[in-house]
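This report concerns only the one structure given below.
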Amino acid sequence: MERLIQYFSQDERCLGYVWKQDQGQKVIIVVDDCFRLVEYDNPPNAHGYGLKVIFDKLSRHQDTLAIGFFDLPQSPENPDIELIINTIKTWIGELEFTNYKLYLLVDYFHGQQTMESNAHGLKFVDYWYEYQPLAAEKIAYLSIGGADLPNPHALERFQKTSIHDHKQEYKLLPEDFLRWLDIDEHPLSRLWRYSDRWFLSDDTTILIKHNFAEARKFLFDSKDETAVYQANEYKKKIAHALQLDIPKAWWENEASANHIHESLKCLAGAFFCGQTDNAAKRHLSVGAAYLIALMAHQKIYGNADVFLNDTEAWIKSSQASSPVFPLQDQVTARKSAIALYDFFICLFTLRSEKISQDNSSEKSLVRSIFFYEAGKVLKIQLTWNAQNQSSDRQESLAQIISAIFKQPTINISPEAKNTRNTILNLWGQMAISESGFMSPGTIYMEADTLVIAATK
């Protein structure tokens with residue numbers, strides 16, 4: 001856990017717990033008379049629910065500059081309100097960062113009685129709106145109850161119990177809460193954030209350890225109550241991190257489960273070169289590319305069924321950990337994985353549709369997938385052909401890309417504006433290597449088939 005420190009007012013009273021890091025822009029402030037319970041995984045009463053969950057989840061985000069938990073005013077009178085606000089202002093000033101975005105969450109009631117006379121949070125918000133002591137990006141209420149409470153400023157209201165229900169490591173904060181916080185995280189960035197301790201062999205990593213033999217003990221070797229619980233948690237962590245519904249059949253076969261485990265090592269956790277400084281580094285592999293394709297298809301269509309129909313082919317893919325990308329530094333490896341994800345998004349999305357649009361009711365552009373050479377080659381057959389005219393252009397994709405590479409200069413944009421950009425960006429990323437140049441694998445499209453192959 002990141003470390004919170006006590007924060008004292010000028011008269012030496014502890015009025016808050018605060019944390020900051022050397023990056024980010026968002027400052028999240030929670031004003032709650034149970035602020036001291038932020039240190040408890042399981043608070044002694046429901047009034048402290050959700051506080052530590054907010055801290056644990058949001059302190060992992062690179063865009064979070066600081067988080068502060070401060071006391072709710074002891075009374076609805078201005079001097080008590082100003083004491084808390086001035087303490088917050090002093091702390092904000094100590095951050096020495098002016099371009100911050102402040103998100104303010106305020107508890108309704110002081111104490112455990114939900115009477116109007118105890119609604120110090122309402123008075124606190126009224127004061128904030130009237131005097132504007134600090135510019136706030138957004139303000140919302142935080143409470144145990146919610147819907148039937150007064151809301152004169154028509155603010156969002158979040159329930160502590162709902163947030164507390166997401167305390168497990170593999171769970172995200174509630175979607176409405178993330179939207180309020182303006183968090184639109186790339187699926188791969190979220191995976192890396194949740195998997196930073198995966199595949200370690202120390203005591204802090206309980207389930208997803210480096211050696212699959214450790215996972216096999218509870219997945220296959222034992223069926224006692226503890227093993228069943230650990231197996232379920234292991235599967236949940238991986239499914240939630242990838243945002244995929246992995247079929248039961250994929251976990252019932254030991255070889256299949258092992259391939260998932262080993263492919264993940266080439267995409268996330270303590271041995272992926274995009275996430276670690278360890279000497280034993282893994283690069284993006286055929287299996288990792290396959291998982292990224294699953295994530296992209298899930299994002300577009302709300303399922304990855306076409307990729308998960310053939311369990312037997314996956315069982316036989318013992319070489320799926322063979323590298324496609326070269327060994328790269330941490331930043332470059334992450335950019336490469338994101339470039340591959342964006343590439344899949346464009347190839348799997350109808351040109352007439354926006355990537356952000358809900359296409360869950362549309363028929364997938366992926367017709368079928370095949371593994372060859374024990375998983376060293378992955379072929380994805382699409383419903384469209386690179387040799388045929390595009391729906392909105394006279395040229396085919398093959399002609400467009402050919403014309404670009406015949407130019408004396410090629411401009412590569414990291415933004416996934418269109419298929420052309422994602423192809424060029426992917427090409428550029430695959431050329432960068434820590435040990436030389438170019439990749440130990442290849443990605444190409446021929447007619448209606450995309451090929452991802454390792455060559456060693």
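Read the figures in this text as sums done on the coordinates, not as results from a lab. This structure is a prediction, so every number in the text was calculated from the model and none was measured. Cβ coordinates were reconstructed from backbone atoms using ideal geometry, including for glycine residues, and neighbour counts include every protein chain displayed.
If the chain were replaced by its equivalent ellipsoid, with semi-axes equal to the square roots of 5 times the Cα gyration tensor eigenvalues, what would those be, largest first, whole Å?
For the chain, the semi-axes come out at 46, 26, 21 Å.
Treat every Asp and Glu Cβ in the chain as -1 and every Lys and Arg Cβ as +1, leave all other atoms uncharged, and give the resulting dipole magnitude about the Cα centre to the nearest 20 debye.
For this selection, approximately 1760 debye.
Considering only DSSP beta bridges with both partners in the chain, what is the antiparallel share in %, to the nearest 5?
Here the antiparallel bridges make up roughly 55 percent for the chain.
What spacing in nm lies between the two simple spin-label points modelled at residue 431 and residue 226, each 7 Å away from Cα in the Cβ direction?
For the pair residue 431/residue 226, the computed spacing is 5.5 nm.
Would you kindly state how much longer the chain becomes between residue 374 and residue 447 on full extension, computed as 0.36 nm times their sequence separation minus their alpha carbon distance, in nm to one decimal?
Separation in residues times 0.36 nm, less the Cα-Cα distance, equals 23.9 nm.
Give, in nm to one decimal, the length gained when the segment between residue 149 and residue 178 is fully stretched (0.36 nm per residue of separation minus the Cα-Cα distance).
Length gained between residue 149 and residue 178: 8.2 nm.
Give, in nm to one decimal, the length gained when the segment between residue 216 and residue 399 is fully stretched (0.36 nm per residue of separation minus the Cα-Cα distance).
Contour length minus Cα-Cα distance gives 60.9 nm.
Test of the criteria: in segment 5-85, which GluC sites (Glu not before Pro) are in a DSSP loop and have at most 12 other Cβ atoms within 10 angstrom of their Cβ?
Those that pass, being in a loop and sparsely packed, are 12, 77.
Antiparallel DSSP bridges in segment 5-180: what percent, to the nearest 5?
If I count the DSSP bridges inside segment 5-180, around 30 percent turn out antiparallel.
Could the peptides 258-264, 138-144 be put in order, highest first, of the mean number of other beta-carbon atoms found within 10 Å of their residues?
258-264, 138-144
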